[in-house]
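The next block holds one structure in the form of structure tokens; read it before the comments.
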Amino acid sequence: MSRKLEQLEGDVMALPSAARALLAHKLITSLDESFEQDLDQVWLAEAQRRDAEISLGKVTCRTAEEVIRDAYLRIGCSA
């Protein structure tokens, strides 16, 4: 751990518990926002990739009913 980070940790730990809780909440919220933005970008790229595959005829689509029916058949159940 860097000296600067150790000093910051010491300063934060010296704060009253309510202030530490507020700071912790703000830090976690900032991580969640960044993670959600990254995740949104990943899903957008995946959707665009799948759309391109469909448009180019590389894959064919099936209805949800077909997929569910086939899944039940694979596990030996009737839908």
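Each reported figure results from applying straightforward, stated rules to the coordinates on display, with no laboratory input. Note that the structure is predicted; figures quoted are calculated from it, not measured. We place every Cβ from the backbone using ideal geometry, glycine too, and count neighbours over all the protein chains shown.
All conditions but one from (1) surrounded by 11 or more Cβ atoms within 10 Å (Cβ to Cβ); (2) within 28 Å of the chain's Cα centre (by Cα) apply to R49; the one that does not is (1). For the range 28-37, state whether one or more residues are more than 23 Å from the chain's Cα centre (by Cα), aromatic (F, W, Y), at negative phi and surrounded by 10 or more Cβ atoms within 10 Å (Cβ to Cβ). No, the conditions are met nowhere in the range 28-37. Go through L15, L8 for me and flag whichever is in contact with a helix residue (DSSP H, G or I) (Cβ under 8 Å, 6 or more places away or on another chain) and free of Cβ contacts under 8 Å to residues at least 60 places away in the same chain. Going through L15, L8 in turn, just one is in contact with a helix residue (DSSP H, G or I) (Cβ under 8 Å, 6 or more places away or on another chain) and free of Cβ contacts under 8 Å to residues at least 60 places away in the same chain: L15.
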